[in-house]
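Take a look at the structure below.
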Amino acid sequence: MSNYIGIRHEDKYEHERRAPLTPKHVARLVKQKKLDIVVETSSKRIFTDAEYVDAGATICDNLNDCSVIFGVKEIPEHYFEPEKTYVFFSHVIKGQKHNMPMLKRMMDLKCNLIEYEKIVDEQGKRLIFFGRYAGMAGMINSFWSLGLRLKTFGYNTELLKINQAHQYTSLKEAKDAISYVGELIAENGINPKFRPFVIGFTGYGNVSQGAQEICGLLPVKEISAEKLLDLHKREHVPNNIVYKVVFREEDLYENIHGNPFDLHEYMHNPQDFRSKFEQYIPYLSVLINCIYWDKRYPKLVTQEYLEKLFSIGRPKLTVIGDISCDVEGSVECTLHPTIISDPVFVYDPLNHTATPGYNGDGMLVMAVDILPAELPSDSSDGFADALVNFVKPIADADFDEAFEDLDLPRAIKKGLILHKGELTPEFKYLEEFINA
């Protein structure tokens with residue numbers, strides 16, 4: 001048992017500047033919880049070394065003296081030390097092939113792994129997450145992308161006043177800029193060629209809520225999926241309104257046997273369902289994809305469908321903001337994730353290729369896979385607000401005890417993937433991926 005807590009320097013991505021705990025939260029842990037916090041030095045982190053020192057932390061080149069280490073993204077295999085506890089987004093719960101060597105290394109060293117994504121309450125709701133900020137950054141980027149894409153078509157719109165998310169110094173600055181664009185749209189209207197202007201959101205969780213929060217800075221009217229099918233038939237559509245549709249599971253999927261949609265059945269037997277989303281795609285201007293997806297579930301936007309859509313001309317749908325960012329997943333034209341410095345590509349559905357940038361024939365896709373990193377200060381602060389109360393219980397836990405006897409908050413124990421190098425009962429299924 002040790003009260004030495006480490007905060008590691010993030011090294012997976014060049015533009016990753018987040019931290020799991022901010023100086024404000026460190027000060028609280030040092031002063032109120034009497035914990036010793038050691039912070040790995042970093043020249044790129046949004047919070048400086050000096051800010052952590054002022055908060056009462058110690059700055060070091062390594063975290064060798066720490067038995068519990070908090071991070072954000074995946075950790076290199078060489079970084080792990082025997083029998084230590086690591087808390088981070090490991091991205092292994094879907095059996096992600098590229099992270100199995102990392103998981104195996106942790107097992108060999110008898111490490112403990114606590115996965116943020118699986119820290120949940122009794123209803124299975126996540127307690128510690130960046131999702132809301134992924135949604136907000138994704139929506140900002142999608143507006144920015146749309147402005148640039150429309151410009152290539154010869155239209156200069158108010159959206160050109162919006163920047164990529166990371167170019168703002170704060171979330172407030174970004175919101176102020178988008179609110180101003182919203183005022184201009186309300187006053188001057190939307191180009192008739194784009195009316196009705198419709199933004200579709202798949203999903204309604206934290207990610208979607210964050211994206212909708214940014215979208216709501218424009219003059220928005222929400223309509224149902226059913227009403228979307230009638231909207232294009234109207235002769236007169238207001239020129240100063242952005243329509244929003246939030247698609248739920250019953251809008252997206254149907255039972256292949258003709259039975260009425262049942263959410264519980266869909267979640268447990270997705271093989272009995274197929275997508276019915278294609279009926280809505282022709283009437284969307286922008287698609288913001290926010291759903292959880294794995295290979296068991298139907299795809300929403302297939303490459304085959306996009307090929308048919310583009311074969312009859314340029315569609316209304318101009319930008320796909322794939323915040324979920326599952327490669328060739330629910331949005332099959334997401335051929336690869338993108339990075340902050342190169343955030344978009346044009347997918348050519350006739351040749352099934354992706355060209356960096358926003359020029360060329362096809363569908364513009366925004367698929368940055370570390371979107372919260374574009375709002376590093378705000379997203380770190382929100383994340384740490386949720387994490388901070390769990391830090392001392394993790395620090396005080398005696399991980400040498402048997403799993404059944406571990407004195408950890410129930411939510412944290414639910415997120416314990418490895419205990420002394422062994423997969424805990426809920427995660428035994430990962431053995432088949434490791435062996436593969």
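All of the numbers you see were taken from the coordinates with simple rules; none came from a lab. Model, not experiment: these values are computed from the prediction. Backbone-built Cβ (ideal geometry, glycine too); neighbour counts: all protein chains shown.
Observations
- C-alpha center-to-center spacing [region 274-346, region 23-99] in angstrom: 36
- For Val220, the residues whose amide H sits under 5 Å from its own are Val242, ignoring neighbours fewer than 5 places away on the same chain, with H placed 1.01 Å from N.
- For the residues Asn62, Asn206, Asn351, a GNM of the chain with alpha-carbon springs under 10 Å puts the largest fluctuation on Asn351.
- Within a straight-line Cα-Cα reach of under 16 Å, Lys316 can be paired with the following lysines, leaving aside sequence neighbours fewer than 8 residues apart in one chain: Lys151, Lys193, Lys233, Lys244, Lys308.
- DSSP-defined beta bridges in the chain - what % are antiparallel, rounded to 5: 30
- When each of the peptides 358-371, 96-109 is scored by the mean number of other C-beta atoms lying within 10 Å of its residues, the order from highest to lowest reads 358-371, 96-109.
- With Cα atoms, 0 to 90° folded angle of helix 171-188 axis to the chain main axis: 10
- Between Ala50 and Arg296, the modelled labels are 5.2 nm apart [label points 7 Å from Cα along Cα→Cβ].
- Calculated [222 nm] ellipticity per residue, helices only, for the chain: -9000 deg cm²/dmol; basis is -39500 (n - 2.57) per DSSP H run with n ≥ 4, divided by all residues, nearest 500.
- Contour minus Cα-Cα distance for Asp230 and Glu265 (0.36 nm per residue): 9.7 nm
- Contact order for region 131-374, expressed relative to its length and based on alpha carbon pairs under 8 Å spaced 6+ residues apart, stands at 22 percent.
- Potential extension, Lys221-Met100 segment - 0.36 nm per residue separation minus Cα distance: 39.1 nm
- Seen from Val30, the other residues with C-beta closer than 14 Å to its C-beta sum to a net charge of +3, counting Lys and Arg as +1 and Asp and Glu as -1.
- Largest mean-square fluctuation among Ile256, Ile214, Ile340, in a Gaussian network model of the chain whose springs join Cα atoms under 10 Å apart, belongs to Ile256.
- Relative to the longest principal axis of the Cα atoms of the chain, helix 376-396 runs at roughly 30 degrees.
- In order along region 368-374, the Karplus-derived 3J(HN,Hα) couplings, from 6.51 cos²θ - 1.76 cosθ + 1.60 at θ = phi - 60°, round to 5, 9, 10, 4, x, 5, 7 Hz, and Gly and Pro are given as x.
- The chain: angle of helix 206-215 to the longest principal axis, Cα-based, in degrees nearest 10: 50
- Theoretical gain in end-to-end length, Asp272 to Asn64 [0.36 nm per residue, Cα-Cα removed]: 69.8 nm
- Here the calculated FRET efficiency for Thr41 and Asp361, from their Cβ-Cβ distance with R0 = 41 Å, stands at 0.30, rounded to the nearest 0.05.
- Relative contact order of the chain, defined on C-alpha pairs under 8 angstrom at six or more residues apart (%): 20
- Applying a DSSP loop filter and a limit of 14 other Cβ atoms within 10 Å to the GluC sites (Glu not before Pro) in region 1-44 leaves Glu14.
- Virtual spin-label span in nm between Glu431 and His78, 7 Å along Cα→Cβ: 3.3
- Packing, as the average of other Cβ atoms within 10 Å across residues, places the peptides 169-181, 139-151, 310-322 in the order 139-151, 310-322, 169-181, highest first.
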